[in-house]
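J.: Got a structure here, written out as structure tokens. Questions coming.
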Amino acid sequence: MHRLSFRAILLASFLLITASLAVAVAGAWRGMEAVVLAIQEDKQRALALSTAARALRERSAELERSARQYQVLGDPALARRFEATLAEARPGLALVEAVSPTMAAEGAAWRAAASRVATWLASLAAPQPPPPPEQGGRHKPPPAATTGRIDDPAAAGELDRLGALADRLGVTLERHLADRDLALMDTLERQRRAVALQILAALVLAGVLAALAGRWLLRPLGRIERAIGELGEHQLARPIDIDGPADLRRLGARLDWLRVRLAELESDRKRVLRHVSHELKTPLASLREGVALLDDGVLGPLAPAQREVTGILAHSAHTLQEHIEQLLQLNASQFDARSLHLQPTALLPLLREVGDEQRLPARARGVTIGLAGDAPIVPADAGKLRTVFANLLANAIAFSPSGGHIRIELGLAGEKVVVDCRDEGPGIAPDELERVFEPFFQGRRSPAARAGARGSGIGLAIVRELIGAHRGRVRALPSERGAHFRVELPHA
């Protein structure tokens with residue numbers, strides 16, 4: 001399976017699911033078709049049996065009528081009609097007798113009665129011996145109504161039974177057909193339930209196959225998505241190992257190659273930054289010392305124009321030194337993020353201490369700070385968290401308008417402790433919410449940017465480094481007014 005591509009596995013999964021559904025539908029179709037054919041055949045057979053039973057009733061009535069007419073009239077044509085009617089009745093009777101043993105027994109009774117009636121009629125047609133002569137040598141003619149054994153009560157009873165036996169055969173046949181219809185309906189209902197179970201089983205099987213295929217296919221896709229997110233968030237320590245189809249594993253290998261290259265580039269960038277910072281710091285110190293000597297008049301008194309120039313040089317050298325120290329601080333934070341001293345830390349007292357430290361700059365700008373909520377103890381490096389919250393609060397004070405208010409709220413969301421920091425400044429543009437944590441990034445809505453005095457843009461990068469070291473997360477969230485930063489820390 002690992003040698004197959006994503007497309008091949010996806011196609012095979014679809015074909016397997018389609019085949020399972022097709023097998024279920026085909027089985028259900030065959031079962032229902034068999035039941036429908038059985039019902040059609042049974043209906044045709046029932047129609048033929050009903051027709052045979054009705055014809056048997058009619059033939060029984062005709063036999064009784066022919067026999068009685070022959071008994072009275074003695075016409076040989078009536079006897080022949082009786083024989084022909086009996087011959088016509090036998091095929092239908094045989095069809096009815098084949099239905100069940102009960103029908104066969106009743107059909108045999110009808111046959112026996114018809115046979116006795118036929119024998120009786122044959123005896124009527126037999127020649128009778130002449131009557132003895134009367135005295136004087138004359139013969140007495142036989143009465144017209146007394147030809148044969150006309151008054152045979154047994155034969156007359158059998159003649160009466162033909163119709164009754166035919167009616168009973170019809171009733172028994174109707175009962176049998178009704179039972180047969182019920183049995184067919186039961187069979188149809190069982191088949192319907194079987195079809196429903198087959199379709200349900202096929203759907204369950206298709207769902208299971210889809211879930212397994214989806215899990216097997218989507219799990220590497222989810223891992224690729226997380227890996228890309230980690231690359232975007234600059235988390236380059238964990239190797240990228242993608243399992244699954246061959247093409248996705250190749251993609252995972254390329255992503256891991258990209259991770260290694262990014263890590264190398266980041267290491268080179270930090271090394272260059274560190275070297276440049278140190279190389280700049282030494283000549284800058286000499287520059288500041290020389291400017292200070294000139295400003296103090298060690299080399300002689302300065303004219304007002306010369307003193308103005310030395311003031312500009314001193315201010316620029318001081319600003320440059322601050323930027324270099326911030327670069328060194330960023331490098332130090334990246335190093336410190338790898339060496340945490342975790343201890344049970346209460347965030348509410350820590351935030352109070354950070355707020356007290358920022359009271360003077362907040363008061364200078366006319367900004368008030370509010371702290372609310374509480375949170376469980378978290379395993380953290382208190383010193384580094386102090387740096388995180390100090391940077392966030394200093395950033396909020398710098399961007400807040402005069403008379404503004406900063407809100408810091410603690411809470412709990414699942415297994416995360418949440419710290420929200422909101423100010424009433426110009427806020428962050430929606431397309432810059434992710435980029436504000438990049439080193440040296442300056443947002444469009446920064447008051448300093450509008451005034452032409454840009455900051456270094458390092459504070460939020462330090463915050464992200466230290467929070468990431470705590471296995472937490474810091475985000476800039478959309479806000480209708482001001483900026484909203486959220487820090488999430490695990491408390492377990």
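J.: Looking only at strands (runs of 3 or more DSSP E) that fall completely inside the range 341-384, which ones have 1 or more residues that are open to solvent by less than 30 Å² (accessible area, probe 1.4 Å), closer than 17 Å to L489 by Cα and not acidic (D, E)?
T.: 343-345, 378-380
J.: OK, next. Quick check: is even one residue across the range 285-294 surrounded by 16 or more Cβ atoms within 10 Å (Cβ to Cβ), within 30 Å of V309 (Cβ to Cβ) and free of Cβ contacts under 8 Å to residues at least 24 places away in the same chain?
T.: yes
J.: Another one. Tally the residues that are on the phi > 0 side of the Ramachandran plot and open to solvent by 80 Å² or more (accessible area, probe 1.4 Å), restricting the search to the range 296-314.
T.: 0
J.: Which of the residues spanning the range 385-421 are open to solvent by 20 Å² or more (accessible area, probe 1.4 Å) and of a type in the set (V, I, T)?
T.: Listed by number, the list holds a single entry, T387.
J.: Next question, about the same structure. Applying the selection to the range 199-244, what residues are open to solvent by less than 60 Å² (accessible area, probe 1.4 Å), in contact (Cβ under 8 Å) with a residue 60 or more places away in the chain and part of a loop (DSSP other than H, G, I, E, B)?
T.: Correct list: G244 only.
J.: Sticking with this one: Within the range 436-466, track down each residue that is touching a Phe, Trp or Tyr at 6+ places or on another chain (Cβ under 8 Å) and either surrounded by 14 or more Cβ atoms within 10 Å (Cβ to Cβ) or at pLDDT 70 or above (or both).
T.: S446, S456, G457, I458, L460, A461, V463, R464
J.: Still on this structure, please answer the following. Give the range 357-379 a look and list any residue that's under 17 Å from R486 (Cβ atoms) and either basic (K, R) or modelled with pLDDT of 90 or more (or both), or say none.
T.: G370, L371, A372, G373, V378
J.: Check the range 273-295 and report whether any residue there is at positive phi and modelled with pLDDT under 80.
T.: No, the range 273-295 contains no residue that is at positive phi and modelled with pLDDT under 80.
J.: Do we find a residue being farther than 18 Å from A164 by Cβ, under 60 Å from the mean Cα position of the chain (by Cα) and either hydrophobic (A, V, I, L, M, F, W, C) or modelled with pLDDT under 80 (or both) anywhere in the range 76-87?
T.: no
J.: Can you tell me which residue within the range 77-114, out of those that are over 24 Å from L49 (Cα atoms) and in contact with a helix residue (DSSP H, G or I) (Cβ under 7 Å, 6 or more places away or on another chain), is most open to solvent (accessible area, probe 1.4 Å)?
T.: R81
J.: Would you confirm, using the coordinates I've provided, whether L280 is within 30 Å of R435 (Cα to Cα) and within 35 Å of the chain's Cα centre (by Cα)?
T.: Criteria not met by L280.
J.: A further question on this structure: Looking only at the range 475-492, count how many residues are open to solvent by less than 20 Å² (accessible area, probe 1.4 Å), in a strand (DSSP E or B) and either among the aliphatic types (A, V, I, L, M) or touching a helix residue (DSSP H, G or I) at 6+ places or on another chain (Cβ under 7 Å) (or both).
T.: The number of residues fulfilling the criteria is 4.
J.: For the range 59-83, give me the residue count where each residue is without any contact (Cβ under 8 Å) to a residue 24 or more places away in the chain, in a helix (DSSP H, G or I) and among the charged types (D, E, K, R).
T.: Counting residues in the range 59-83 that are without any contact (Cβ under 8 Å) to a residue 24 or more places away in the chain, in a helix (DSSP H, G or I) and among the charged types (D, E, K, R) gives 4.
J.: Another question about this same structure. Output the number of the condition that L37 fails; it satisfies all remaining conditions of (1) within 20 Å of T119 (Cα to Cα); (2) at pLDDT 80 or above.
T.: Unmet condition: (1).
J.: Further question on the same structure: Out of A26, A8, I need the residue that is modelled with pLDDT of 75 or more and either among the aromatic types (F, W, Y) or surrounded by fewer than 16 Cβ atoms within 10 Å (Cβ to Cβ) (or both). Which one?
T.: None of the others qualify; the one that does is A26.
J.: Within the range 48-58, can one find any residue that is in contact with a Leu (Cβ under 9 Å, 6 or more places away or on another chain), of a type in the set (D, E, K, R) and touching a residue at least 12 places away in the same chain (Cβ under 8 Å)?
T.: Yes, some residue in the range 48-58 is in contact with a Leu (Cβ under 9 Å, 6 or more places away or on another chain), of a type in the set (D, E, K, R) and touching a residue at least 12 places away in the same chain (Cβ under 8 Å).
J.: Quick test of your reading of the structure: A429 fulfils all but one of (1) in contact with an Asp or Glu (Cβ under 7 Å, 6 or more places away or on another chain); (2) at pLDDT 85 or above. Name the failing condition by number.
T.: (1)
J.: Shifting gears a bit: Go through R250, R254, R259 for me and flag whichever is more than 26 Å from the chain's Cα centre (by Cα), buried (at least 17 other Cβ atoms within 10 Å of the Cβ) and in a helix (DSSP H, G or I).
T.: Of the residues listed, the single one that is more than 26 Å from the chain's Cα centre (by Cα), buried (at least 17 other Cβ atoms within 10 Å of the Cβ) and in a helix (DSSP H, G or I) is R259.
J.: Continuing with this model, one more query. Residue check: is A413 among the small types (G, A, S) and either farther than 13 Å from A362 by Cα or free of Cβ contacts under 8 Å to residues at least 40 places away in the same chain (or both)?
T.: yes
The values are calculated or read from the model by the stated rules, or taken from the named source; none is laboratory data. Just so it is clear, the model here is predicted, and its values are computed rather than measured. No Cβ is skipped: glycine too gets one built from the backbone with ideal geometry, and neighbour counts run over all protein chains shown. When the accessible area is computed, the model is the full protein with side chains, heavy atoms only, and any ligands, DNA or RNA have been set aside. Shrake-Rupley method; radii C 1.70, N 1.55, O 1.52, S 1.80 Å.
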